[in-house]
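Here is the structure we will look at.
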Amino acid sequence: MKRRTQELQVAVARRLSSLRQARGLTQEGVADRLGIASQNIQRIESGRQNLTLQTIERVSGALGVAIDDVLHVTAGPGARPRFLEVERAGVLRVSAEPPVPVPVFRLSDGARFARGTRPSPLGWAVFAEDVEPGAFIVRVEGSAMEPRIPDGAWSLFRPLKRPPTPRSHVLVALGSGDDVEVIVRRLDSDDGGRLTLSTLQPGEAPLVTGGDIEVRVLAEFVRTVAHDS
């Protein structure tokens, strides 16, 4: 596990160095923005310094890039998709290198992430394969989407770049402000913003949105990646 963590650290360090150079910045310039010695930037980019999420966020800000751009490390040719270890605290690394880290959230925080905020992840899942930027993992609870998405399944979702197609499985937020319910449902139809959302359980009536409740389709289900029963 320690070796794999070091591999991830080196991959992110190289990504930070690449982003800095692409923006025409020197290590001294980035250090000045952060108010630290340039030797610290050298250590970060060499992979010799332990990288916390806070450190990555600070350096990302100094570079003027989103943290997603730093943590989206593209896999090289021939990398084999392997996954991952699950614990109660969340999904942990590991996979064949080079890694692609994907944040893991509680269901409610996954919805916040999809809306553009930055909740703290439970952990990071690391893929060897290429993963769409902005993708995230949440633990889906309940039997509503069984057998397609089992109760307790850690599931990969991707951000919406276009309206989801009918029959796709989507992450939906119902309500607004602090009173938001987050669910996963099958989108049966979208009639001018009036959505019909269904479970996969026989006999359960679909949810037809409308009226005073705000409804937002936030992300589209890609696949289940692990199951923590």
Filtering strands (runs of 3 or more DSSP E) wholly in segment 150-229 for at least 3 residues that are hydrophobic (A, V, I, L, M, F, W, C), in contact with a Leu (Cβ under 7 Å, 6 or more places away or on another chain) and surrounded by 12 or more Cβ atoms within 10 Å (Cβ to Cβ) gives 169-176, 179-191, 215-227
Filtering segment 16-34 down to residues that are of a type in the set (V, I, T) and either in a helix (DSSP H, G or I) or in contact with a helix residue (DSSP H, G or I) (Cβ under 7 Å, 6 or more places away or on another chain) (or both) yields V30
Would you be able to say whether some residue in segment 105-116 is more than 21 Å from D151 (Cα to Cα), at pLDDT below 75 and not assigned by TED's automatic domain parsing to the domain that holds V182?
-> no
Count of segment 148-169 residues which are among the hydroxyl-bearing types (S, T, Y) and in contact (Cβ under 8 Å) with a residue 60 or more places away in the chain | 1
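Condition check: in the same structural domain as R216 (by TED's automatic domain parsing) and either more than 30 Å from P202 (Cα to Cα) or β-branched (V, I, T) (or both). Does V140 satisfy that? It would help to see each step written out before you state the result.
Numbers: in the same structural domain as R216 (by TED's automatic domain parsing): no; either more than 30 Å from P202 (Cα to Cα) or β-branched (V, I, T) (or both): yes.
Considered against the rule, which asks whether it is in the same structural domain as R216 (by TED's automatic domain parsing) and either more than 30 Å from P202 (Cα to Cα) or β-branched (V, I, T) (or both), V140 comes out as no.
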Test: residue in segment 29-45 that is in the same structural domain as R14 (by TED's automatic domain parsing), on the phi < 0 side of the Ramachandran plot, of a type outside the set (A, V, I, L, M) and in contact with a Lys or Arg (Cβ under 6 Å, 6 or more places away or on another chain) = no
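Taking segment 35-46, which residues are in a helix (DSSP H, G or I) and surrounded by fewer than 18 Cβ atoms within 10 Å (Cβ to Cβ)? Lay out the reasoning, then the answer.
Let us first name the residues in segment 35-46 that are in a helix (DSSP H, G or I), namely 38-46.
Of everything in segment 35-46, those that are in a helix (DSSP H, G or I) and surrounded by fewer than 18 Cβ atoms within 10 Å (Cβ to Cβ) turn out to be S38, Q39, N40, Q42, R43, S46.
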Which pairs have Cβ atoms under 7 Å, sit 6 or more apart or on different chains, and link a residue in segment 34-48 that is over 11 Å from L16 (Cβ atoms) to one that is modelled with pLDDT of 90 or more?
-> A37/A31; S38/Q27; S38/E28; S38/A31; N40/A31; Q42/Q27
For segment 175-213, which residues satisfy the criterion of being at pLDDT below 85 and within 24 Å of the chain's Cα centre (by Cα)?
-> G175, S176, G177, D178, D179, V180
Verdict on S120 being out of contact with any Ser or Thr (no Cβ under 8 Å at 6 or more places or on another chain), surrounded by fewer than 17 Cβ atoms within 10 Å (Cβ to Cβ), closer than 19 Å to V12 by Cβ and at pLDDT below 80 = yes
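The values are calculated or read from the model by the stated rules, or taken from the named source; none is laboratory data. This structure is a prediction, so every number in the text was calculated from the model and none was measured. Every residue, glycine among them, receives a Cβ derived from its backbone with ideal geometry; neighbour counts consider all protein chains shown.
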